[in-house]
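Just so it is clear, none of the values below were taken in a lab; they were calculated from the coordinates. Given the structure is predicted, the values throughout are model-derived calculations rather than measurements. For neighbour counting, all protein chains shown are included, and Cβ atoms are generated from backbone atoms with ideal geometry for every residue, glycine included.
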Amino acid sequence: MDNIPVKTDKPKRNLLIAIVIISMIAVSLIGIFIIRPSVIGLVTYNNLKKSNQSIEDYGKSVQELESKILTYETNLSSCVSYNDKLFGELKTYTVSINECNNKLTTVQMNYNTLKNGTDDKIFELQEQITLKDESITRIQADYDSLAQNTANNLCCKAKVDNSNINSYKVENNKVVCMEDGEKNISC
């Protein structure tokens, strides 16, 4: 008979635990709502004693501080409003700057495309000029050679009649034999 389990009353135990928990919560709330203001009042009273002020002076100081806080809150509100306005303008200008940067990028790309095309065209024209200069030099050499050969033929025959002829010049696309000139003939 010793091994017979003793039956405990669980509902009473649960009720007891609930009462203890509710009591603790009630004591905590009383502490927060009654004791806390008392502690704050005691700390304020001790600070008032240390500052050697009367309760009226301390009250005036608190009112002045509350008035200053109200002024600072008003100023802060104005600053926040002004900052919001500035941020709005900043967003607008940022959008404008981004649009300008996009346009600038487009213009730079167009410029680079045109510049590359112009550079290519200039290079082509310079090549053509070089070819034309070479052609002119070759034609001038051919012309000078033709003039020399023609002068040699004409002036050497004329030298038979006038032995002082020793040079020539080209004037109006005609060979003129001379006695003293810049271009010598070879007979």
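With the requirement that a residue be β-branched (V, I, T) and within 30 Å of L48 (Cα to Cα), what does the stretch 59-92 give you?
If the condition is that a residue be β-branched (V, I, T) and within 30 Å of L48 (Cα to Cα), then V62, I69, T71, T74 are the ones that fit.
Being assigned to a helix (DSSP H, G or I), β-branched (V, I, T) and under 30 Å from G41 (Cα atoms) narrows it down to one residue among V95, V80, V62; which is it?
After applying the criteria, what remains is V62.
Going through the stretch 49-107 one residue at a time, which ones are over 24 Å from the mean Cα position of the chain (by Cα) and acidic (D, E)?
Those that are over 24 Å from the mean Cα position of the chain (by Cα) and acidic (D, E): E56, D57, E64, E66, E73, D84.
Would you be able to tell me the number of residues in the stretch 156-174 that are outside any helix (DSSP H, G or I) and surrounded by 14 or more Cβ atoms within 10 Å (Cβ to Cβ)?
Of the residues in the stretch 156-174, 6 are outside any helix (DSSP H, G or I) and surrounded by 14 or more Cβ atoms within 10 Å (Cβ to Cβ).
Are there any pairs with C-beta distances below 6 angstrom linking a residue in the stretch 160-176 that is over 14 Å from S186 (Cβ atoms) to a residue that is surrounded by fewer than 14 Cβ atoms within 10 Å (Cβ to Cβ) and not polar (S, T, N, Q), with the two at least 6 apart or on different chains, and if so which?
N164/E179
Under 9 Å between Cβ atoms, which residue pairs at least 6 apart in sequence (or on different chains) link something in the stretch 137-155 that is surrounded by 13 or more Cβ atoms within 10 Å (Cβ to Cβ) with a partner that is among the basic types (K, R)?
A147/K183; Q148/K183; A151/K169; A151/K183
Cβ-Cβ under 9 Å, sequence separation 6+ or interchain: first residue in the stretch 33-47 and at negative phi, partner surrounded by 11 or more Cβ atoms within 10 Å (Cβ to Cβ) and of a type in the set (F, W, Y). Which pairs?
T44/Y58; N47/Y58
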